[in-house]
Amino acid sequence: VNTPAPEQVISLYVSEDKIYPRAVHGWFAAWRWALVWGTQLLFYGLPWLSWNGRQAVLLDLEARRFFIFELVLYPQDFVYLTALLLISAYALFFFTAVAGRLWCGYACPQTVYTELFMWVERHIEGDRTARMKLDAAPWSANKLLRKGGKHLAWVAIGLWTGLTLVGYFTPIRELAPAAATLSLGPWEWFWTLFYGFATWGNAGFMREQVCKYMCPYARFQGAMFDRDTLVIAYDERRGEPRGSRPRSADRHALGKGDCIDCNLCVQVCPTGIDIRHGQQYECIGCAACIDVCNGVMDKMSYPRGLIRYATQNGLAQQLTQAQMWRRVLRPRVLVYGTILLALCVAFVASLWWRTPFKVDVVRDRAALARQVSNREGSGQIENLYRLQLMNATEQPQRYAITVGGVNQAALAWTSAGQAPREPLVDVGPAQALWVTLAVRVPFDVAQGLGPGAHPLYFEVQPQARASSQTVRERSTFIVPR
Amino acid sequence: VSDFTHAGWSWYVAIGTIASLLACLVLLVVASRRKPMASDESTGHVWDENIREMNNPLPLWWMVLFVLTVVFSLAYLWFYPGLGSAPGQLGWTSTAQWQQEQQRSAAAMAPLYARFDAMTHEAIAADSAARGIGERLFLNNCAGCHGSDAKGSKGFPNLTDADWLYGGGIEPITETIIKGRAGAMPPMAAAVGTGEDVSNVAHYVLSLSGSPHNALKAALGRPKFAVCAACHGVRGEGNTALGAPNLTDNVWLYGWGEQAVVTAITQGRAGMMPAQAERLTPQQIKVLAAYVWGLSNRPTGQAAQ
């Protein structure tokens, strides 16, 4: 049972110490830079691509059309976004189960922009020690120049990022010149400045605070780890007891482990932790400590991998790298992988065989049913429908409409006030058109059906090319009492 | 305008709001005060024998954000309504904002409609852009009763035929849209006579349009039609001044056949179209009237499609 410890006074809120990560080079840093280049070339470059004489990726919220290369998506296609989010979620589960916070360490925008901003910082203010010195120094022309220059560069990157984001929603080739002459619209201003500010603040100042205190994923990922997940681990068995020693000394004779306690792993850590304390929730898995430690091991002529990707089981049971990799094929990973693969296949297949138009049938709001040509008892029962035809191509289309499901049901093409004609409807590129259609059923047939609602369907077929794609939309035909 | 039944409630809400905000700040300050801690980074609190509460201080900027939310709330309450029934410094109301938006959209639409000011209704009806506007106005405002194809249904007139209760000219159509119409036929059974008489009149009415009828009953009913003639005219051709339907054509607003006519005579009919003047601008009404007129007239210059 606790013996009362001497009490001291501590604040419940602390201003966290600023972290000055040391620059790092190596295999994993190269991978991170590769992903910085890959993701950012995509992000900054994509809006500038053209396709079919328009912006290749344009999410036109006002017109509610989403152009992605050949695809023209409608708000009704939201299910594809759902599928994309599902794929992202399962990819996250899969990669986290295999090798921990791969996303956090290499591809997350927070990491990527922090990397970019730190690169700028390093080139203007210098590396870790220079930055610490500069911060500690009193204000001078040099400090003002360096700090000012850094923020100028950061703000420029932030604004360009904000403008690029807006460029996905309004044509960027008009947006960029408008921004140059400061003639953006109010919402364009707001989002450019807001996203620019968020980039500047998150990548310049918040950094690891975002990962530690804002990001929900950082907190729930623990549920996806198990003892066979590859994490960044310090090999305590090999490293301890740590301590400095001359390069020429025989560590075994000194009774020391491989860790020379140079503290470089702490200095490069973007979240300011000491990996030698074991797995910690702050670790974003960036592998900077692996890179820097491998460099030290090389200099000391010790084998690499004192800090390395290893599993908890691997360290505890001293498994070889091959043995650990074999354990990647465990049920959890296989299940995530199978679901991920199935989702990807379904996603691609459904986009590939997507019908490039949509039909929506709405019964007229006013009249349930009415009698026409009501003389001689040989009249007809008429129901009125509004069909929305949505052309998801960028060519004008002509659609043929037929009706079925009720015996002798026939279309009466009535486009308000105009003479009856063939139910062929022209719809412009990426346009949605409402047409009003009446369906007539001979009186005696209707009486045979009896009063009530009877299933009916419309079939819509595009006339262009030898299209075999037909959309069938169900509705009802109502026979009055 | 306050929804409070007594001014005291406004004070009650205002004081309660301010007190809650201040209480948030007080709680924050009190809870962030330094606390006695054990030297092992725990607070000294132990539950279930071995679960210790550790000292994991929150980042200071969290507290700053919290204070900012309180500052934001106070600023909001100063500028916008929220403190009881206080209107706020900006004098903002949702009604005024709505009116502003209405004015803005009216101003945005004005140039679209300006083109039609100088045009005749016939020319508007022949203009395809105007027809598009007219169709949308019709679908939004009229189709609820008259149907998407303007052909109406039982009780709601067909606007695409040449038959008009109040006349099919531009002027009566415009008047109908602006003021609405209240068509009323009183129950006439008492004036007509017995049930047999009513049935006979009904057959006479059917005979006027050449509908199937019993010629004998129609002959018997003919004299009784005199009471109907006051509105429907001696020959039953109706009267557009009263909105009395023409009985000699094949248009039956409330259904065709003896039973429908008998019901009309015994129970009367009441048709009601609401006025649209307050829902539409004069320019919109002009375009809409031209569109409705164009449904049953072939405007000059428009090729048959």
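A few points about this structure:
- Sequence of B:Ser207, A:Ser244 once ranked by neighbouring C-beta atoms within 10 Å, starting from the fewest: A:Ser244, B:Ser207
- On the beta carbon distance between A:Thr393 and A:Arg173, with R0 = 35 Å, the FRET formula returns roughly 0.90.
- The mean number of partner chain beta-carbon atoms within 10 angstrom of a residue's beta-carbon across peptide B:154-161 is 2.
- Qualifying trypsin sites (Lys or Arg not before Pro) for the range B:200-291 [loop in DSSP, other Cβ within 10 Å: at most 15]: B:Arg235, B:Arg279
- Dipole in debye (nearest 20) - the protein assembly as shown, about Cα centre, beta carbon charges: Lys, Arg +1; Asp, Glu -1: 1520 debye
- For the range A:262-345, the set of trypsin sites (Lys or Arg not before Pro) satisfying both a DSSP loop assignment and a count of at most 15 other C-beta atoms within 10 Å is given as A:Arg304.
- Farthest toward positive dipole pole in the protein assembly as shown [+1 Lys/Arg, -1 Asp/Glu at C-beta], among B:Val287, A:Gly201, A:Ala287: A:Ala287
- Simple point charges give the picture: +1 on the Cβ of Lys and Arg, -1 on the Cβ of Asp and Glu, and for the range B:79-196 a dipole about the Cα centre of about 400 debye.
- Dipole of the protein assembly as shown, positive end: most advanced residue of B:Val70, B:Ala150, B:Ser128 [Cβ charges, Cα centre]: B:Val70
- Shielding by partners for peptide B:58-64, expressed as the average number of C-beta atoms from other protein chains within 10 Å of each residue's C-beta, is 5.
- You can think of it this way: the chain between B:Arg52 and B:Trp98 has 10.9 nm of extra reach, that is 0.36 nm per residue less the Cα-Cα gap.
- Inter-part distance where the range B:80-107 and the range A:104-137 are each reduced to a Cα centre, Å: 47 Å
- Cut-off 19 Å (backbone N to label point 7 Å along Cα→Cβ of B:Ala31), residues of the range A:185-222: A:213-214
- Pairwise label distance in nanometres, A:Phe220 with A:Leu145, each label 7 Å out on the Cα-Cβ vector: 5.1 nm
- Residue among B:Arg181, B:Arg131, B:Arg52 with the largest mean-square fluctuation in a Gaussian network model of chain B, springs linking Cα atoms under 10 Å: B:Arg52
- Pairs from the list A:Lys358/B:Lys154; B:Lys154/B:Lys286; B:Lys179/B:Lys217; B:Lys154/B:Lys179; A:Lys133/A:Lys299 with a Cα-Cα gap above 29 Å: A:Lys358/B:Lys154; B:Lys179/B:Lys217.
- Distance from the alpha carbon centroid of the range A:182-256 to that of the range B:114-165 works out to 66 angstrom.
- Two-site FRET efficiency, A:Arg472 against B:Ala123, from Cβ-Cβ distance with R₀ of 45 Å, rounded to 0.05: 0.55
- Within a Gaussian network of chain B (alpha carbon springs, distance under 10 Å), most fluctuating of B:Val234, B:Val261, B:Val30: B:Val30
- Kyte-Doolittle at least -0.5, axis length at least 20 Å by Cα - qualifying DSSP helices, chain A: A:27-45, A:78-99, A:109-125, A:141-166, A:186-201, A:331-352
- R0 of 60 Å, Cβ-Cβ distance A:Leu71-B:Ala229: FRET efficiency to nearest 0.05: 0.30
- Nearest-20 debye value, the range A:112-168 charge dipole, Cβ charges on Lys, Arg, Asp, Glu: 220 debye
- The range A:377-412 and the range B:13-27: distance between their alpha carbon centers, rounded to Å: 62 Å
- Sparse-neighbourhood loop sites, chymotrypsin sites (Phe, Trp or Tyr not before Pro) in the range B:223-261 - DSSP loop, at most 14 other Cβ within 10 angstrom: B:Tyr254
- Helix runs (DSSP H) in chain B reaching 30 Å along axis by Cα, Kyte-Doolittle at least 0.0: B:7-32
- Tensor-based shape of the range A:56-211 (alpha-carbon gyration tensor, a/c under 1.5 rounded, otherwise prolate or oblate): oblate
- Cα shape, the range A:248-293, gyration tensor, a/c 1.5 rule: prolate
- Reachable aspartates and glutamates from B:Lys151, criterion Cα separation under 13 angstrom, eight or more residues apart if same chain: A:Asp364, A:Glu382, B:Asp161, B:Asp163
- Close amide H partners of A:Ile478, meaning residues 5 or more places away or on another chain with modelled amide H under 5 Å apart, are A:His454.
- Going from the fewest other Cβ atoms within 10 Å to the most, the residues A:Val292, B:Val71 appear in the order B:Val71, A:Val292.
- For peptide B:137-143, the mean count of partner chain Cβ atoms within 10 Å of a residue's Cβ comes to 2.
- Counting Lys and Arg as +1 and Asp and Glu as -1 over every other residue whose Cβ lies under 15 Å from the Cβ of A:Gly185, the net charge comes to -3.
- Sum of side-chain charges, B:Asp149 neighbourhood, beta-carbon under 11 Å (Lys, Arg +1; Asp, Glu -1): 0
- Set of aspartates and glutamates with alpha-carbon distance to A:Lys18 below 18 Å, sequence-local pairs under 8 removed: A:Glu115, A:Glu121, A:Glu125, A:Asp127, A:Asp135, A:Glu208, A:Asp274, A:Glu282
- In nm, spacing of pseudo-spin labels at A:Glu282 and A:Ser244 (7 Å Cα→C-beta vector): 2.4 nm
- For the residues B:Tyr76, B:Tyr113, B:Tyr204, a GNM of chain B with alpha-carbon springs under 10 Å puts the largest fluctuation on B:Tyr76.
- Cβ-defined net charge surrounding A:Asn294, 13 Å radius [Lys, Arg +1; Asp, Glu -1]: -1
- Exposure proxy ranking, count of Cβ atoms within 10 Å, fewest first, for B:Leu216, B:Leu137: B:Leu216, B:Leu137
- Cα shape, the protein assembly as shown, gyration tensor, a/c 1.5 rule: prolate
Since every read-out is calculated from the coordinates, none of them should be taken as a lab result. All of these numbers come straight from a predicted model, not from anything done at the bench. Positions of Cβ are backbone-derived with ideal geometry, glycine not excepted, and every protein chain shown enters the neighbour counts.
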